[in-house]
Amino acid sequence: MRAMLLVNPKATTTNARTRDVLIRALGAAVELAVEETRYRGHAAALAATARAKGYDVVAVLGGDGTINETVNGLLNPVNGGPVPPGSEGRPALVVIPGGSANVFARALGLPNDPVESTGAVLEALRDGRRRTVGLGQALWEGQSRYFTFCSGMGYDAEVVRAVEGLRGTGRKATPTRYVNTALRHYLATDKRHPAMTLTGPGIPTARGLFMAIISNTSPWTYVGSRPVHPTPWASFETGLDLLGLRRMGPMAMASVIRQILTESDALPGGRHLVQLHDEAEFTLTASRPVAFQLDGDYLGEYETVTFRSTPNALQVLV
Ligand SMILES: Nc1ncnc2c1ncn2[C@@H]1O[C@H](COP(=O)(O)OP(=O)(O)OP(=O)(O)O)[C@@H](O)[C@H]1O
């Protein structure tokens, strides 16, 4: 079995020691090529090369951003052709958490520790244990990008943008920093003029949304070790889920936050909420450009984004 290991040396919790442990452990199990990512977008190019060269596995040591790039490199068509359906003919993915939140790895059930995850992944390799997962795809202004766990428009994307700004000044993305930034930004965000409308085939039109979370799995994120469940029914085996907010006042927000922090299979309740489960496609249209994030990466402000489910897109060794 031939595997390419992509290491993001700049990811929050990746260091030379974990990298060396992983190289030794994986190298004993498979024929291993190791590449370090050197710039944004490099993981996508390396993953596309691994696919073109017929590698069986692409392993990633890094955070959710590097995993997102890798997945896009594995899925995007060579020479702009159509994406072949299903996971056949694509290298399987191996994930070793080395970022700050590691949502994708943890949603797959991996321990949030690179050495322990290496042990779990080696077992999966030895036993041939694979899981086929679906992905989400966002399409906007002629662009397209797959996401592994979530996308969002509105307030949550504004918070992602603000945290990215802080990281640009050298500060780490800790759970406390996210919470503090979210609280501070709440005072600044527009809570009076909702901009978005939700439409889709067979979906009742929902107007007046301030923000929307689009999920390919649950949990949506973690605050430290605590999972956050705005869309508790979302899973890698179903289509996309959505939670939209029609009110952003303190009472409405407190009610949602309390519910999504509770470990429960019940959907959050409230008349100001809009919810979708297991949908193939829907579109958010806004009356002004709205902040947009995908797998925790801020992508800019846009007026129309379509979200599509891509079932059985990828095999993951887990
Ligand atoms: N050598 C590099 N120098 C600077 N940036 C890099 C390099 N290699 C990859 N990147 C970029 O760093 C970004 C963040 O990396 P990654 O997601 O792996 O770690 P993280 O930010 O610590 O984790 P998380 O996404 O969980 O917060 C990625 O989007 C990737 O494009």
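Considering each residue of the range 88-99, count those that are of a type outside the set (Lys, Arg), out of contact with any Phe, Trp or Tyr (no Cβ under 9 Å at 6 or more places or on another chain) and assigned to a loop (DSSP other than H, G, I, E, B), and give that number.
Filtering the range 88-99 down to residues of a type outside the set (Lys, Arg) leaves 88-89, 91-99.
Filter once more, keeping what is out of contact with any Phe, Trp or Tyr (no Cβ under 9 Å at 6 or more places or on another chain): 88-89, 92-94, 96, 98-99.
Keeping just the survivors that are assigned to a loop (DSSP other than H, G, I, E, B) gives 88-89, 98-99.
Of the residues in the range 88-99, 4 are of a type outside the set (Lys, Arg), out of contact with any Phe, Trp or Tyr (no Cβ under 9 Å at 6 or more places or on another chain) and assigned to a loop (DSSP other than H, G, I, E, B).
Can you tell me which residue in the range 22-39 is farthest from the ligand (Cβ to nearest atom), limited to those that are outside any helix (DSSP H, G or I) and in contact (Cβ under 8 Å) with a residue 12 or more places away in the chain?
Residues of the range 22-39 that are outside any helix (DSSP H, G or I), as a first pass: 30-39.
Retained after the next criterion (residues that are in contact (Cβ under 8 Å) with a residue 12 or more places away in the chain): 30-37.
Working: 30: 22, 31: 24, 32: 19, 33: 17, 34: 14, 35: 11, 36: 7, 37: 3 Å.
Once the filter is applied, the top-ranked residue is 31.
If residue 296 meets every condition in (1) of a type in the set (Gly, Ala, Ser); (2) within 16 Å of the ligand (Cβ to nearest atom); (3) without any contact (Cβ under 8 Å) to a residue 60 or more places away in the chain apart from one, which number is that one? Evaluating residue 296 over (1) of a type in the set (Gly, Ala, Ser); (2) within 16 Å of the ligand (Cβ to nearest atom); (3) without any contact (Cβ under 8 Å) to a residue 60 or more places away in the chain leaves (3) as the failure.
Among 286, 254, 280, which is surrounded by fewer than 16 Cβ atoms within 10 Å (Cβ to Cβ), touching a residue at least 24 places away in the same chain (Cβ under 8 Å) and hydrophobic (A, V, I, L, M, F, W, C)? Before you say what the answer is, go through the steps one by one.
Numbers: 286 fails: surrounded by fewer than 16 Cβ atoms within 10 Å (Cβ to Cβ); 254 fails: touching a residue at least 24 places away in the same chain (Cβ under 8 Å).
From the options 286, 254, 280, the qualifying one is 280.
For the range 41-64, the tally of residues that are more than 12 Å from residue 94 (Cβ to Cβ) and either at pLDDT below 95 or more than 14 Å from the ligand (Cβ to nearest atom) (or both) stands at 6.
The number of residues in the range 4-21 that are closer than 18 Å to residue 93 by Cβ and either more than 14 Å from the ligand (Cβ to nearest atom) or modelled with pLDDT of 95 or more (or both) comes to 5.
Whether any residue in the range 161-169 is out of contact with any Leu (no Cβ under 8 Å at 6 or more places or on another chain), of a type in the set (Asp, Glu) and under 26 Å from residue 36 (Cβ atoms) is what I want to check. For the range 161-169, residues out of contact with any Leu (no Cβ under 8 Å at 6 or more places or on another chain), of a type in the set (Asp, Glu) and under 26 Å from residue 36 (Cβ atoms): present. Here is the figure for the range 111-146: residues that are out of contact with any Phe, Trp or Tyr (no Cβ under 9 Å at 6 or more places or on another chain), within 16 Å of the ligand (Cβ to nearest atom) and not small (Gly, Ala, Ser) total 5. Against the conditions (1) modelled with pLDDT of 95 or more; (2) under 15 Å from residue 26 (Cα atoms); (3) not β-branched (Val, Ile, Thr), residue 74 satisfies every one except (2).
The strands (runs of 3 or more DSSP E) falling completely within the range 192-233 that include 3 or more residues that are in contact with a Leu (Cβ under 8 Å, 6 or more places away or on another chain) map to 196-200, 203-209, 211-215.
If you check residue 44 against the conditions, is it touching a Leu at 6+ places or on another chain (Cβ under 9 Å) and either surrounded by fewer than 23 Cβ atoms within 10 Å (Cβ to Cβ) or in a strand (DSSP E or B) (or both)?
Numbers: touching a Leu at 6+ places or on another chain (Cβ under 9 Å): yes; either surrounded by fewer than 23 Cβ atoms within 10 Å (Cβ to Cβ) or in a strand (DSSP E or B) (or both): yes.
So residue 44 passes the test.
Could we say that residue 291 is farther than 11 Å from residue 140 by Cβ and surrounded by 19 or more Cβ atoms within 10 Å (Cβ to Cβ) here? When the stated conditions are applied, residue 291 passes them. Determine, yes or no, whether residue 231 is in contact with a His (Cβ under 8 Å, 6 or more places away or on another chain), surrounded by 16 or more Cβ atoms within 10 Å (Cβ to Cβ), among the β-branched types (Val, Ile, Thr) and at negative phi. Judged against the criteria, residue 231 is a match.
The values are calculated or read from the model by the stated rules, or taken from the named source; none is laboratory data. Computed from a predicted structure; not experimentally measured. Using ideal geometry, Cβ is built from the backbone for each residue, glycine included, and neighbour counts are taken over all protein chains shown.
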